1. What ³J(HN,Hα) values, in whole Hz, does the Karplus curve 6.51 cos²θ - 1.76 cosθ + 1.60 give for the stretch 95-106 when θ = phi - 60°, with x put for Gly and Pro?
2. Near Lys55, which lysines are there with a Cα under 20 Å away, not counting those fewer than 8 places off in the same chain?
3. At a Förster distance of 22 Å, what's the computed FRET efficiency of Leu103 paired with Leu59, Cβ-Cβ distance as r, to 0.05?
4. I need the shape label for the stretch 32-145. Rule: rounded when a/c is under 1.5, else prolate if a/b > b/c, else oblate, with a, b, c from the alpha carbon gyration tensor.
5. Residue by residue through the stretch 108-119, which ³J(HN,Hα) values in whole Hz follow from phi under the Karplus form 6.51 cos²θ - 1.76 cosθ + 1.60 (θ = phi - 60°), with glycine and proline marked x?
6. Could you give me the ³J(HN,Hα) list for the stretch 70-75, computed from phi with Karplus coefficients 6.51, -1.76, 1.60 and θ = phi - 60°, whole Hz, x at Gly and Pro?
7. For the stretch 16-74, build the convex hull from the C-alpha positions and give me its volume per residue in Å³.
Amino acid sequence: MLSRLRAPEMTTPRGFRDRADDSLFTLLGEVPELVRNLVVAEVDSAKTWVKSAGKQAGLGGVWFIVALFFLFWAIPALGAFAIIGLASWMPAWLSALIVLVVLIAVAVVAAILGILRFKKIGKSENPVQSIAVDARIVKDVADEY
């Protein structure tokens, strides 16, 4: 009989319970559960996104490896093309020597640029070092007072 006297619970078009008649204390009491549900939903969403992004990154990495494999075999073909092309104007051994010298010069320039880039990394200040410097400054200021 008691259930007949009670008003039926109102729901919204999306199926959620209408909370318009709930008291402030009831609503405040439900906040921790709602926050927990929101955090769990966000973590689940983040896990799904990371899984999808990882899968896409893995497939992208595989395609880059395939491209590098074919590029690896294209470079000797380009070298042979250059040697054969130069051999039509000069002896084959001289054209092969010229192509070799050019390739070694390109490798040396690339190595020098790489070394310079690594030296630039060593010159920049490490964040850990800057934190240590900041801590020392704060300690010195605190010691003055």
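Each value in this text was obtained by applying a stated rule to the coordinates, not by laboratory testing. These numbers were taken from a predicted model, which means no experiment stands behind them. Counting neighbours? That spans all protein chains shown, and the Cβs are built from the backbone with ideal geometry, glycine included.
1. 5, 5, 5, 5, 5, 4, 5, 4, 5, 5, 5, 4
2. Partners found: Lys47.
3. In this case the efficiency is close to 0.10.
4. Here the stretch 32-145 falls in the oblate category.
5. 5, 4, 5, 5, 5, 4, x, 5, 4, 5, 5, 5
6. Using θ = phi - 60°, the values come out as 6, 5, 4, 7, 6, 5 Hz.
7. It is 86 Å³ per residue.
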